[in-house]
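Enquirer: Here's a structure for you.
The values are calculated or read from the model by the stated rules, or taken from the named source; none is laboratory data. Nothing here was measured: the structure is a model prediction, and the numbers come from that model. What goes into the accessible areas is simple: the full protein's heavy atoms, side chains included, and nothing from ligands, DNA or RNA. Shrake-Rupley method; radii C 1.70, N 1.55, O 1.52, S 1.80 Å.
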Amino acid sequence: MTVVLVTWAFLVTGCAAPAPPATPPPSRPAEVPTRAAAQQTLQRLAAAILDRRQADFQAEFAAADAVLRTTTDLWWANLTALRPTRFALVAGALDDAGTGEVTIDWAIPGDSGTATHRARFTFAGAAARLTALRPADPPGARPVWWSDPIEVVRQGRATAVIVGAGTTGRAWADRADRAAGRVLAAVPESLRRGWSGAVVIEVPATAEGYDRLLGGEPGRQSGYAAVAWAEGVADPRDPATERIAVRVVVNPDAAGLDPRAADLLLTHEVTHLARYDAGSAAPLWLVEGFADLVAYPSEPDLLATAEQNLRATVRQVGAPTALPADDDFRAGSDRDLDRAYLLAWSACLLISERYGAAALHHFVAAAGAGTGVDRALRSAAGVDLTRFTADWRQSLIKDAGS
Ligand SMILES: [Zn+2]
């Protein structure tokens, strides 16, 4: 899966201007701080996190609130383990209860961009001490450090953030490090779009935790074993937005995967990180097929199984007349999803075998940068999309019959 974006809808209601009040509106209660005071609190809080000054961090929260203290202790432990390289908080307007939206920009070592989350914080008193911390209303995504203890395991190029206590952190960090090495070896530098070679993966403990991390409707991503996730709320296609941190989020259901399948999965997802596919203009068959083409060669047994499954699929339902559509990667049964990935991979494999890896790489780069697919394919491989699709169909029929 390439990218998950949370879009935000703003509802605006229009109405006639009301008559001016006969008397001036009451002024705000004295205990509600100004937005400027709230912002100063947030700046001190962020600085304390970055400089690891625990007493100064705790000083920004209302004292003698046991529930709040539990949360702030958890946040301190989690953020200390994550070692953020960036942590910035911006206050929105406060309502009469002193509550306002807060934007959280953050990054950790290994990120190639910034994650952005939104939350609702409540401030009180002239000093704007924090009295309540709430996540954004659903379907907002929640940062991995928000509600459960985490374990952070660093290994080579990888940082694995594991939610809850467990023994899997080292294995996931090893896998992610191995995947990064494979992608560095297989994806030429010209195709790596600002990727540092480092990988951050997040492994939630439960299906609910997976949903909270990714936001959106519960269960929306449950069909995927992992996603390369443009972390937070911003749209990476917006050129005005700064580069987004893309991390790999593993579905807890994937914990029981065969180790080779887990390696394949992570190599596929890390290819998306390297390509910064979150902002790709290419069709998904090319994005997903290329990621599988990078991943399969390291796992010969799984490659052989994929070839068998592809032949079986073509025998069962016939050779397709068109390349998989973007929607084929987003919906349908597991079998349909598997078929879309197999077909996408087979198309990329055919381009590489028939026209060479360099032609495929040119095609991937051009289509990803916004050149139309037909034009990009013609300039990279000298064949138009209609002709290529017919050739690909014939090759599938031939392979299935042999
Ligand atoms: Zn993918």
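Enquirer: Taking amide H positions as placed in the peptide plane 1.01 Å from N, state which residues far from ASP95 in sequence (5 or more) or on other chains have amide H under 5 Å from it.
Expert: Result for ASP95 returns GLY100.
Enquirer: Hey, what's the Kirkwood Rh for the chain if you take every pair of different alpha carbons, in angstrom?
Expert: 23.2
Enquirer: Here's a follow-up. Using the alpha carbon gyration tensor of the stretch 138-279, what are the three equivalent-ellipsoid semi-axes (square root of 5 times each eigenvalue), largest first, in whole Å?
Expert: They are 22, 20, 13 Å, listed largest first.
Enquirer: At a probe radius of 1.4 Å, what is the per-residue accessible area of ASP253, in Å² to the nearest 10?
Expert: Here the accessible area works out near 120 Å².
Enquirer: Ignoring ligands, DNA and RNA, what percent of the 1.4 Å accessible area of the chain is carbon and sulfur?
Expert: Roughly 53 percent, rounded to a whole number.
Enquirer: Amide H to amide H under 5 Å from THR159: which residues, 5+ apart in sequence or cross-chain, H placed 1.01 Å off N in plane?
Expert: The list, which skips near neighbours in sequence, is VAL199, VAL200, ILE201.
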